[in-house]
Amino acid sequence: MDKKRVFIIVLDGFGIGSLPDADRFGDRGSNTLASAARTNTLDIPNLIDLGLGNIEGVSTIPKAAKPRASFARLAERSMGKDTVTGHWEIAGLITEKAFPTYPDGFPESIIRAFEERTGKQVIVNKPMSGTEVIARYGEEHMRTGALIVYTSADSVFQIAAHEEIVPIEELYRFCEIARDILQGEHGVGRVIARPFIGEAGRFKRTSHRHDYSLPPVGDTMLDRLRRAEKMTIGVGKIHDIFAGRGIGLSYHTEDNQEGMDIAIQLAGEKTGDLIFVNLVDFDMVYGHRNDIEGYARALTEFDRKLGLILRLLQQNDLLIITADHGCDPGFSGTDHTREYVPMIAWGSHVKNGIDLKTRNSFADIAATVTEYLDLESGGDGDSFLGDIKAD
């Protein structure tokens, strides 16, 4: 008999409708899936067959007459709408206090300390979109050598630099300095290296982005699995999001396609107990850039690869497809959106068509995963394994 394995695939920024408290975040009316469904590009037969359209509150795509999976709508309990809080909650850790944000830029004391320790001047220091900030300030950065520091509605300290002006390893060192400074009261969720290349008017961000997250403030399912000598495999940003904690093996990826190709490879093998995949292009490449057509195209491409995984997964594999927050490309602004996320559970031992309705935490995924892998949960969620497991 094949050993039990779990694949969690996180479609980064794939919300399915605003949460009841979205007003607090300025996100009332956001709906990432609905925006993608308005296009003629979206073609997701596998997700529809599994039951995405049958999830409570979803009305913009077809429902399956006989869904092939069990499904739910998940609400976020954590105080935030970003990658870190979303993934930590998926892993069973609720963030009760929101990470600090800086709508007016970082305090002078932070910037001064950063400049002193790096020996570099800082320009910008305000919330901006990543593409806009390099378009407007990239040439000044190249002329002066000053670092572009900016933030967003999320708890992030982002450093943009041209790879020919600041070598990648030096940019990473500057991020490590910022991470060391940004603790306690100013402990932002992530410090992010944002390298770019090109010439004025044609700047382009590269795949050498690297995130420096705070370590999780409590136990996650990854910690518990590693203590139980289970192999955890992170694909994409997972290692960065958890500051490497609880990750046994990590694969860095260039884009969604590579992330899915690695997941497909692992699906055909017998390695790992938990394979945790993040597909960031939905968020980074399309959501933040208000590219509705691109978002729909990325979902369509994912659906094609999903068909391959469904054919390769083994007898005792459990597949969970979910998201960490919304990033509605059709909503005002370019920030994340406070939305419900989908949960689709599939496997040979999972009942078809079980509607788990709306559940009050992403952490229910962690509780289900640890129970399936024969561990006690120990986290904040409630397992739904008993509801979906076939006899």
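Once amide H atoms are built 1.01 Å from N in the peptide plane, which residues 5 or more positions from residue 17, or in another chain, come under 5 Å H to H?
Here 32, 33, 340 satisfy the definition.
About the Cα centre of the chain, what is the dipole size in debye to 20, counting +1 per Lys and Arg Cβ and -1 per Asp and Glu Cβ, all else neutral?
For this selection, approximately 480 debye.
Provide the per-residue ³J(HN,Hα) series for the range 8-18, in order, calculated from phi with Karplus coefficients 6.51, -1.76, 1.60 and θ = phi - 60°, each as a whole number of Hz, with x at glycine and proline positions.
These are the phi-based 3J(HN,Hα) values: 10, 10, 9, 7, 4, x, 9, x, 10, x, 5 Hz.
First compute the accessible area of the chain with a 1.4 Å probe, then give the percent of it belonging to carbon and sulfur atoms.
It is 46 percent, rounded to a whole number.
Can you give the accessible area per residue of the chain, in Å², using a 1.4 Å probe?
Accessible surface, normalised per residue, equals 39 Å².
Out of residues 5 or more away from residue 5 or on other chains, whose amide H comes under 5 Å of its own, with H placed 1.01 Å from N in the peptide plane?
Hits under the 5 Å cutoff: 317, 318.
Here is the link list: 237/305; 3/357; 305/357; 270/351; 81/389; 4/351. Which ones come out longer than 21 Å on Cα distance?
3/357; 305/357; 270/351; 81/389
Applying the Karplus parametrisation 6.51 cos²θ - 1.76 cosθ + 1.60 with θ = phi - 60° to the phi angles of the range 355-362, what ³J(HN,Hα) value in whole Hz is obtained for each residue in order, glycine and proline being reported as x?
9, 8, 6, 9, 10, 8, 6, 4
In whole angstrom, note down how far apart the Cα centers of the range 118-146 and the range 147-192 are.
Taking the Cα centre of the range 147-192 as reference, the centre of the range 118-146 is 12 Å away.
Quick check: the distance between the Cα centres of the range 44-100 and the range 327-368, to the nearest angstrom?
1
What is the sum of charges around residue 42, taking Lys and Arg as +1, Asp and Glu as -1, for the other residues whose C-beta is under 10 Å from the C-beta of residue 42?
-1
Under a Cβ-Cβ cut-off of 15 Å, what is the net charge of the residues other than residue 109 that fall near it, where Lys and Arg count +1 and Asp and Glu count -1?
Around residue 109, the charge tally is -4.
Using a Cα-Cα cut-off of under 17 Å, which aspartates and glutamates could be cross-linked to residue 126, ignoring same-chain neighbours fewer than 8 residues away?
104, 108, 115, 140, 154, 335
Quickly estimate the mean residue ellipticity at 222 nm for the chain, helices only: each DSSP H run with n ≥ 4 gives -39500 (n - 2.57), and the total goes over all residues, rounded to 500.
That calculation yields -8500 deg cm²/dmol at 222 nm.
Please list, in order along the range 28-34, the HN-Hα scalar couplings obtained from phi with the Karplus expression 6.51 cos²θ - 1.76 cosθ + 1.60 (θ = phi - 60°), rounded to whole Hz, x for Gly and Pro.
Per-residue couplings from phi come out as 4, x, 6, 6, 4, 4, 4 Hz.
Would you please classify the overall shape of the range 227-322 from the alpha carbon gyration tensor, given that a ≥ b ≥ c denote the square roots of the eigenvalues, rounded means a/c under 1.5, and beyond that prolate means a/b larger than b/c while oblate covers the rest?
Cα axes put the range 227-322 in the oblate bin.
For the range 5-164, take the alpha-carbon Rg, divide it by the Kirkwood Rh, and send me Rg/Rh.
Expressed as Rg/Rh, it is 1.07.
Taking the mean number of other Cβ atoms within 10 Å as a proxy for protection, how do you rank 329-342, 374-387 from highest to lowest?
My ranking of the peptides, most packed first, is 329-342, 374-387.
Could you give the dipole magnitude of the range 251-301 about its Cα centre, charging the beta-carbon of Lys and Arg +1 and that of Asp and Glu -1, in debye to the nearest 20?
With only Lys, Arg, Asp and Glu charged at Cβ, the dipole is about 120 debye.
The range 50-140: D in µm²/s via Stokes-Einstein (Kirkwood Rh, Cα pairs, 4 °C, 1.567 mPa s)?
For the chosen part, D equals 73 µm²/s.
If the chain between residue 228 and residue 139 were fully stretched, how many nm would it gain, using 0.36 nm times the residue separation less the Cα-Cα distance?
26.9 nm
Measuring from the lowest to the highest alpha carbon on each principal axis, how far does the chain reach, largest first, in angstroms?
Cα extents, longest axis first: 66, 47, 37 Å.
With only Lys, Arg, Asp and Glu charged, each at its Cβ (+1 for the first two, -1 for the last two), find how big the charge dipole of the range 11-113 is about the Cα centre; round to the nearest 20 debye.
320
Going by average Cβ neighbours within 10 Å, how do the peptides 297-307, 358-368, 262-272 rank, with the highest at the top?
Listed from highest to lowest mean packing, they are 358-368, 297-307, 262-272.
The values are calculated or read from the model by the stated rules, or taken from the named source; none is laboratory data. It should be emphasised that the depicted structure is a prediction, and the values quoted were computed from it without experimental measurement. Neighbour counts run over all protein chains shown; Cβ positions are idealised from the backbone, glycine included. We work out accessible area using only protein heavy atoms, side chains counted, and drop any ligands, DNA or RNA first. Shrake-Rupley method; radii C 1.70, N 1.55, O 1.52, S 1.80 Å.
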